[in-house]
Structures are given as C-alpha cells and as structure tokens.
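Written below as structure tokens is the structure these notes are about.
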Amino acid sequence: MTSTSQDPYFIDFPQRIKSIQSEMQNQNINVYLGSRLRTLSWTTDAFCPWRSFIVIPVEGLPTVFSFVIDAARIADDSWLDEDHVMGFAPMGGQDQIEQISDFIKDNLNGGKGRIGIESGMSNYLPEGWLTHYEYEQFKAALSDCELINAHTIVDRLSLIKDEGTINRFKEASRIVDEGHKAVYAAIKNGGWKGMTETEIAGIAALGMRRAGSEWEWSFTGGNEIASGYRTGLAGGACTPASRREIQAGEPLMVDIHAMFKLALGDHSHNYLIAPATDRQWWHAQNFMAIVNKTLETYRAGITPSALAEQMMNFAEEKGFADYMVPGFEHGIGMMGDEWRIGLNDGPFPYWTNPDHAYQENEVIICAMQYACPEDSIGFRYENPIVFHKDHCEALSKYPLEIKEI
Amino acid sequence: MAFQYLSQQWRDEAEKRLKTELPPERMNYVTSSMNNLYKNCPDGKDRFLYFKFEDGNFAEMLVGEGEPPKAEFVISGNYDVFAKITRGEMGAQRALMTMKLKLKGNMVKALKLASLADRLNKVLAGIPTEY
C-alpha cells in the first residue's frame, strides 16, 4: 500500500530509514538488525505479528524477514516491495538464522562489520528483543562480525511524533470514541442487565470495527472491561474482560483499544450502575478531580516524577492519596511501542526515567488508576495526549464524566 | 536408450521434453531462473544445472562445471539427493525440510513456483537415465 504526502496519514518511511542509516554511520554500524515489534512497525508501516526482523544496510532499502506464511501480506501492507520482504521457513537455507546471516554477509565487505542489534528487557511481553538463543546463533553464523546493542538509535528517532503519526493517533482515538458511544447505547436504560464483561468488550469491538479499527490491539486482553470488585483490585491496571455479569450498585470500567494504521487508540471510561451510594460518588468525584488536574498540568518540560509528585500532593490534600497508583502515564507509539517513556537513560535500566523532560510532540498515554479494594471500587483513565509547549492535547474527545446508569 | 545423468545428451533430451511437455500455460507464464548445484558427483566433481523460463517459455538450460550463471533461485545439495528426486524416490520438499537440500532465494516467490518445480521434475523423471 502506498500513500502520498497529501494524505493526512502520510509518513515518510524512506526518510525514517535514511535517518537510521545516518545514525548508523555516526556509530560506525554497518548493518542494523531490528527485531522489536515497535521497530518493525516504525520502519515498515506493516503489522508483523510473527517473529520478524528488519535488516537495514548502511545505504539503500531495508529488507524484512518474517514467517513465510505472512511475508506476502506484510509486503502488501508495507511500503516495501516483495523483493524486500523475505519469508523464512524450516527448510534448508531458509531458516531465519541462516537466511538473515547470509543476507547480512552479502551486504558486508568480506563478511566483516559491526551489526547493531536490539537487546534489553521490558515489562511489555511482545517487545521482541533478540533472544539469547538468537544472539548466540547470529554470533556464531556471523563470526567475523561484532554484535553491538543499538536500539537507542530507533528509540531516539521515534520519540517525537511527526504530523502523519499524530493524525493517525487522532483517528484511532476518534474510533475509540465511537466504541464508547456503542457501549453507552447498549448499556443505558437498563441495557446492562444480564450483560457480561466479555459482551461489553465485544460491543465496543463491533462499534470500533464499524468505524474502521483494525484491531483491539492491547496485549492486556483487547478491550479491558471490569465490573464490581474487579475495578478496585490494588494497582489493578490490567483487567481483561471476564465472564462476570454486570450487577446493580457496582462500578463499571470500560477501557477500550482501537488501531488505525498502527497508531493506537486507548481510552478508558467509567460508569456507576445504579443505585450508586454517596461513598461511590465520593470516589468518583475524587477520580474526576485528579484526571482534570493531571490534564491541566501536563505540558512540555514537565517530568514524570514532577507530575506524580504534584498529583499525589493534590490527592493527599483531598484525602484520597491512599487510592491512587502513583504513576500517571505509560509510553505509546506505533504498534509494539507501549511501555517505557523516552530513552533508556534512567536510574533503573529499561524503566522510565523519572527525570525525563517531555518535549513538544511527544505522545504518551495519560494513565491513572484509582483503586479502593475495601470498597470494591476503582476507576481508570487512559487517553493518548500530545505534548505542546504550554498544555497537552487529549486525543479522545469522549466527555470526562461518570454516569450513573 | 538411457542417458547419463547430467551429460550433454541428457540435457538435450531434457530440453526437448521440457519444450514439448511444458507449454507456457503449464508454466503459468512464469519468468524465473534456477540453479541446481550438485556436490560430490560420482566423478568427484561439482556441477550445476541451470534453467531459465521467460513468460513460461523454456529459454535456456545449461549443464556445466565451475561458476554457474546468476539465477533467481539456487538449490544446492549432494548429487545423490538430486538423483533420488529425479528418480522419484524423494520429494523435493522433503529434501528441503530435512536439510538435504538448501534453497537460496525469496521463499515467498519460491512458494508460488513450487508446483511448477514439481512439474519440471516430473518431466525430468521421465527421461531414461543412468546415474
């Protein structure tokens, strides 16, 4: 598939490759061997769900390697032609180690050079770091080469989002809002009666698919729906929908996900199923107050730790700090980039640097989890935000409110 | 009369049969080329067998020693393995899956050509051959 620069969702992928190659030259790297899902999405414009690699030479086009059953589809979806998307299979000369190492050797003078790889750790399971086994196999097959960790090249280049990427995120958020409308239409006026969390997840999925979503992308269970005590699990920021039936007098958390051209919509909305108690409303008001406060505070220049400190002080003043998870964000980028903020330059390797200063046109998920297990109640807020000089722009426009239905 | 495998006479017979038995429509009008690299032939030498099709038409077939022409696909293995495939004693796919043969080239394109390679092998298998 191709798009032109007139397309609001246009991304200059060849320029992204050139930027990587320029940095490779600066670091005297001859070949970049990308294996992370985020790297593949950011460079190919295609979803690569099977184990895949991208080999970027110091000049010219990159070549993608994926499981043979999906390679033709990747070539069709990406900006690369079929000669630059190879399939690997368990056949002589066609397994991923031999195929890729032969390809790399063909790209190197005398089979020698420095190869940038992606090695690290993540809380996000499908990150796609090179495994120990793969590393050992490539090291043996490319015995005249030096393998060096180089993922920071892609991390740094993908940090600030370009216009096409931000527009894709806006569209993904618009689609998520359609999902929330579909859920509300289904559960209002007693429609929730007899419904399970999984059913609500499906209603949201249908609404979003009708609006053009490709996938309920989140590895945390697609659309995360929680009701009753499940909303208030301590620190509980992961609630794949269960078969639990929605009950009167309980909270309901609807955290849904849409994907549009590898950009990710992620917005959580919360309800109280009637009759709501005063205590439940007290929690709800606390939650909305801190969401508003957080959105007012986010802007370029602030850091995760400074933001968290301000918000926790606010919660302490209002008397609900005990119920707040003291984190207010998670990273986001094109599919596969859903974890750390910024670069790997914090005190704990591969965790968010608490002193990372947000820059204009960074995108994160503004995320908050309010949980009171003893009252069996909790709320979640998630919304992609774009950083601007003096404010942040929330991409999901679904109104912030907690309705009693 | 039997032809010596990979001899000039065998090549000529193969060309004649490929031209008559595999018309362009049977070859899906494909344009591609393939080298079979035979290691450890009975005389101890290595040989190549090169095929080229253009728009499904048989274009070229070469048997030789030394550096083969460039081809889109290269399949390499021992003479014995190729001989078993040509005699119909082993499938080419099984030979690849058990690493008795190695394929170099775009696997996605190779998948599209797998049935054509089988047709070609069947024609070659029909040649009375001494190994």
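The values are calculated or read from the model by the stated rules, or taken from the named source; none is laboratory data. Predicted model, so just to flag it, every value in this text is computed and none were measured. All Cβ positions, even for glycine, are placed from backbone atoms using ideal geometry, and neighbour counts span all protein chains on display.
Observations on the structure shown:
- Scope region A:143-193; condition under 26 Å from A:ASN344 (Cα atoms) and either assigned to a strand (DSSP E or B) or among the β-branched types (Val, Ile, Thr) (or both); matching residues: A:CYS145, A:GLU146, A:LEU147, A:ILE148, A:ASN149, A:THR152, A:ILE153, A:VAL154, A:ILE160, A:THR165, A:ILE166
- Residue in region A:106-127 that is nearest to the other protein chains (Cβ to nearest Cβ), counting only those that are of a type in the set (Gly, Ala, Ser) and in a strand (DSSP E or B): A:GLY113
- Any hit, region B:63-81, residues being surrounded by fewer than 18 Cβ atoms within 10 Å (Cβ to Cβ) and either under 17 Å from B:LYS122 (Cβ atoms) or aromatic (Phe, Trp, Tyr) (or both): no
- Only listed residue being surrounded by fewer than 21 Cβ atoms within 10 Å (Cβ to Cβ) and within 21 Å of the chain's Cα centre (by Cα), chosen from A:ASN313, A:ASN344: A:ASN344
- Residue within region A:336-359 that is in contact with a His (Cβ under 6 Å, 6 or more places away or on another chain) and not β-branched (Val, Ile, Thr) present: yes
- Flag for A:SER376 being in contact with a Gly (Cβ under 8 Å, 6 or more places away or on another chain), more than 26 Å from A:ASN123 (Cβ to Cβ) and of a type in the set (S, T, N, Q): yes
- If the condition is being touching an Asp or Glu at 6+ places or on another chain (Cβ under 9 Å), within 22 Å of A:GLY265 (Cβ to Cβ) and not in a loop (DSSP other than H, G, I, E, B), then region A:305-352 contributes A:HIS330, A:GLY331.
- Complete set of residues in region B:82-94 that are surrounded by fewer than 15 Cβ atoms within 10 Å (Cβ to Cβ) and closer than 17 Å to B:ARG119 by Cβ: B:ARG87, B:GLY88, B:GLY91, B:GLN93
- Going through (1) of a type in the set (Gly, Ala, Ser); (2) under 30 Å from A:LEU343 (Cβ atoms); (3) surrounded by fewer than 18 Cβ atoms within 10 Å (Cβ to Cβ) one by one, A:SER143 falls short only on (2).
- Listed by first and then second residue, the pairs with beta-carbon distance under 6 Å, at least 6 apart or on different chains, first residue in region A:123-137 and outside the structural domain of A:MET334 (by TED's automatic domain parsing), second outside any helix (DSSP H, G or I) and among the small types (Gly, Ala, Ser), are A:GLY128/A:SER35; A:TRP129/A:SER119; A:TRP129/A:GLY120; A:LEU130/A:SER35; A:LEU130/A:SER119.
- Restricted to helices (runs of 4 or more DSSP H) entirely inside region B:30-131, those with at least 2 residues that are more than 22 Å from B:LYS19 (Cβ to Cβ), within 12 Å of chain A (Cβ to nearest Cβ) and not polar (S, T, N, Q) are B:92-97, B:107-125.
- Region A:68-99: number of residues that are crowded, with 17+ Cβ neighbours inside 10 Å, more than 9 Å from chain B (Cβ to nearest Cβ) and among the hydrophobic types (A, V, I, L, M, F, W, C): 3
- Filter result (over 22 Å from the mean Cα position of the chain (by Cα) and hydroxyl-bearing (Ser, Thr, Tyr)) within region A:44-98: A:THR63
- Pair list, Cβ < 6 Å and 6+ apart or interchain, from region A:359-383 residues that are within 18 Å of A:ASP337 (Cα to Cα) and in the same structural domain as A:ASN292 (by TED's automatic domain parsing) to residues that are of a type in the set (Ser, Thr, Tyr) and outside any strand (DSSP E or B): A:ASN383/A:SER396
- Taken as a whole, region A:242-251 holds at least one residue that is modelled with pLDDT of 95 or more, of a type in the set (A, V, I, L, M) and either assigned to a loop (DSSP other than H, G, I, E, B) or within 30 Å of A:ILE341 (Cβ to Cβ) (or both).
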